[in-house]
Amino acid sequence: MSENTSQRMPRGGACANCRHRRMKCDGAVPRCSNCERSTGRFRACEYFDRGTSESQIEDLTQEIAELESQIQGRESPNAAQRTDNGVFLHDPYVTPATTQVQSVWASTSAQKSEEVPLQLRQNLLSAFIPYAKDLGFFLDLTKICTIILSTSSQGIRHVETLPVTPALIHIIFLLGSHLSTSSQITAFEPGFLSRATESVSHILSFPTTNIPGMTTPDYSQQKVLEAIQSHVLLAQYFFLTGRKLKGKYSVTIAVSLVLGTRMHCIRSEEVVPSQGLMQIALGAGNYTSGISLSGHEAPQTQFQSEKEENQRINAFWIVLALNSRWTAIDGHVSSLPYWTARMRVDTPWPCLIWHERQMNLNPATRSSSTIQRFLASSPDDAHSMLALHAKACILLEQAFELTKRYEWNQSTPDPDPTSFARKFLSIFNNLMKLTTRFISQLPSISSIQDSSPSDSVYTQSSNSDSKKRTLLVIHTLARVAIIRLYILFENTSYSSSDERVKTHRLRVEAANESAKMIDLVDGRGMVFIDSIMAMLWPIITHVLSTEIHRLGQRRGGQQDSRSFVYQKSYDLIVRTMSGLASSSPLMNEQLMKMQELSRSE
């Protein structure tokens with residue numbers, strides 16, 4: 001039986017199950033009363049801050065299994081095409097040409113032939129490369145493209161001699177086919193999707209022998225990075241195409257891989273085990289985090305080690321950012337709770353400046369509590385695009401997390417409301433100041449100078465348009481975070497009428513500024529942008545449309561001069577989303593919801 005605790009449960013001290021189920025926890029150990037009475041999936045009772053929880057990898061394994069079950073139930077062809085009475089439905093809009101292409105590629109896949117003609121590979125890479133960094137590509141793009149283009153079809157078929165996992169190649173081809181503006185190329189998307197989803201599930205068991213010039217331990221370590229990269233890209237594809245559940249599944253696997261290889265502890269000031277769980281499973285050699293190289297080591301070996309370390313650092317922050325922003329928007333329980341003691345992040349911020357030569361860290365550099373220091377407003381020199389993007393995602397997650405804490409307190413009042421109010425306002429004010437300062441220090445989109453097109457296919461992703469798109473995403477993430485904080489403060493009982501009026505004005509200004517930035521990246525001619533924007537823009541348009549409606553009522557139906565400004569910003573977002581809807585089912589879905597809401601107001 002559970003042993004009741006004599007002390008009152010502190011805020012945030014509930015077990016994981018009670019948090020997930022939004023139930024009041026009595027904090028009993030070893031199991032609280034709720035878990036004691038429960039069966040099935042809620043039998044394990046764990047407290048994050050007491051050191052009695054199961055390993056994060058086990059938690060994530062269970063979450064992955066649950067997501068797999070949900071995906072099979074919701075998104076399998078049979079589930080989608082059968083009605084409740086068992087009648088099988090067909091899609092009347094599938095053209096004979098599409099069906100023929102799908103059948104050809106299904107036959108090819110069944111024969112295990114990986115042959116992709118050279119011209120098709122070139123076309124797929126040309127479509128993928130300009131958006132590679134937008135999609136979170138952190139590996140050596142030049143090297144991988146060279147391998148893909150220089151390897152014969154026969155070599156691709158015999159995958160045991162290929163130094164890049166087939167899964168990664170298939171996912172690159174999948175995204176290339178989706179992003180292509182040629183209908184002949186996009187027709188291959190279903191075939192590449194089938195290959196990608198099949199091969200990614202076996203990526204860690206891909207053979208490591210017979211790889212020219214690379215030892216088995218070295219390739220095992222590289223294979224983990226390629227697995228993370230594959231799941232990041234696959235998650236982006238699923239989010240882009242509106243399959244958010246599958247996207248969450250891929251993010252969860254990527255999180256489990258970065259945690260299993262202890263990428264959150266790279267260059268930690270504390271002593272960490274020299275091998276993560278994934279290295280042990282793969283039989284890899286020494287994979288220590290933050291161990292400086294010997295002065296007797298060959299320069300090429302040192303360069304490769306530094307390059308790999310940079311890739312690992314970048315991989316971690318890309319995965320964390322991907323998890324944080326979708327956790328915030330969809331309201332999921334985070335797969336990477338960096339605010340808990342066991343998930344504390346010591347890895348330094350990524351220092352890779354946009355597509356420039358990698359800036360190697362000082363071998364003596366050590367880091368600790370990286371995110372906690374940022375949230376505590378400690379100054380740092382992390383201004384790379386990757387670092388700014390990760391920070392913006394963290395701010396967004398923290399704003400939504402604080403909202404959930406307040407709403408939870410409203411439904412389950414704290415016994416000491418004065419203490420809660422004091423703590424809440426302290427956290428709110430600190431987060432508001434940090435977000436405001438972060439926005440003020442962001443580089444402006446207009447500061448990006450237009451660059452001339454490059455002759456090299458490998459550097460096309462470094463053009464100014466890509467930089468501007470990324471800055472637009474960062475600015476929007478940060479402004480939605482502060483809009484969320486403004487809304488929260490307006491809805492609390494802690495704000496005076498004057499404060500609410502001021503906060504309301506700042507909220508509308510933030511939304512209007514965010515919308516106007518689209519013109520700085522030629523939004524009307526945009527053919528791709530990060531899929532998270534499909535979720536952020538409706539938040540902004542809701543603020544604008546609500547204000548337009550309010551101004552109209554206040555003036556007795558007469559147009560207020562500000563209404564024209566806000567309507568122009570609203571229309572700009574609608575036009576941009578409409579232009580992107582054809583290539584992004586998620587964007588199309590959110591646009592239709594937004595327009596339906598507008599008609600009902």
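Numbers for the structure displayed
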{"item": "The stretch 124-150 residues that are touching a residue at least 60 places away in the same chain (Cβ under 8 Å) and over 19 Å from Ile529 (Cβ atoms), paired with ones that are small (Gly, Ala, Ser) and open to solvent by 40 Å² or more (accessible area, probe 1.4 Å) (beta carbon under 9 Å, 6 or more apart)", "result": "Thr142/Ser456"}
{"item": "Any hit, the stretch 547-559, residues being of a type in the set (Val, Ile, Thr), open to solvent by 10 Å² or more (accessible area, probe 1.4 Å) and over 23 Å from the mean Cα position of the chain (by Cα)", "result": "yes"}
{"item": "Residue check for Glu509: without any contact (Cβ under 8 Å) to a residue 12 or more places away in the chain, open to solvent by 10 Å² or more (accessible area, probe 1.4 Å) and over 24 Å from the mean Cα position of the chain (by Cα)", "result": "yes"}
{"item": "All positions within the stretch 27-47 that are open to solvent by less than 60 Å² (accessible area, probe 1.4 Å) and either farther than 18 Å from Pro337 by Cβ or modelled with pLDDT of 75 or more (or both)", "result": "Gly27, Ala28, Val29, Cys32, Ser33, Asn34, Cys35, Ser38, Gly40, Phe42"}
{"item": "Within the stretch 122-146, considering residues that are open to solvent by 20 Å² or more (accessible area, probe 1.4 Å) and over 19 Å from Ala315 (Cβ atoms), the one nearest to the chain's Cα centre (by Cα)", "result": "Pro130"}
{"item": "Filter result (of a type in the set (Val, Ile, Thr), over 24 Å from Ile529 (Cβ atoms) and modelled with pLDDT of 65 or more) within the stretch 183-220", "result": "Thr197, Val200, Ile203"}
{"item": "Residue within the stretch 235-257 that is modelled with pLDDT of 95 or more, closer than 20 Å to Val333 by Cα, aromatic (Phe, Trp, Tyr) and assigned by the TED database to the domain that holds Leu193 present", "result": "yes"}
{"item": "Hey, Gln119 in a helix (DSSP H, G or I), more than 27 Å from the chain's Cα centre (by Cα) and modelled with pLDDT under 90 or not", "result": "no"}
{"item": "Residues within the stretch 167-182 that are under 16 Å from Phe528 (Cβ atoms), in a helix (DSSP H, G or I) and open to solvent by 10 Å² or more (accessible area, probe 1.4 Å), tallied", "result": "2"}
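The values are calculated or read from the model by the stated rules, or taken from the named source; none is laboratory data. The structure displayed is predicted, hence computed values, not measured ones. As a convention, Cβ positions derive from the backbone with ideal geometry for all residues, glycine included, and neighbour counts pool all protein chains shown. Heads up: the accessible areas ignore ligands, DNA and RNA and are worked out on the full protein's heavy atoms, side chains in. Shrake-Rupley method; radii C 1.70, N 1.55, O 1.52, S 1.80 Å.
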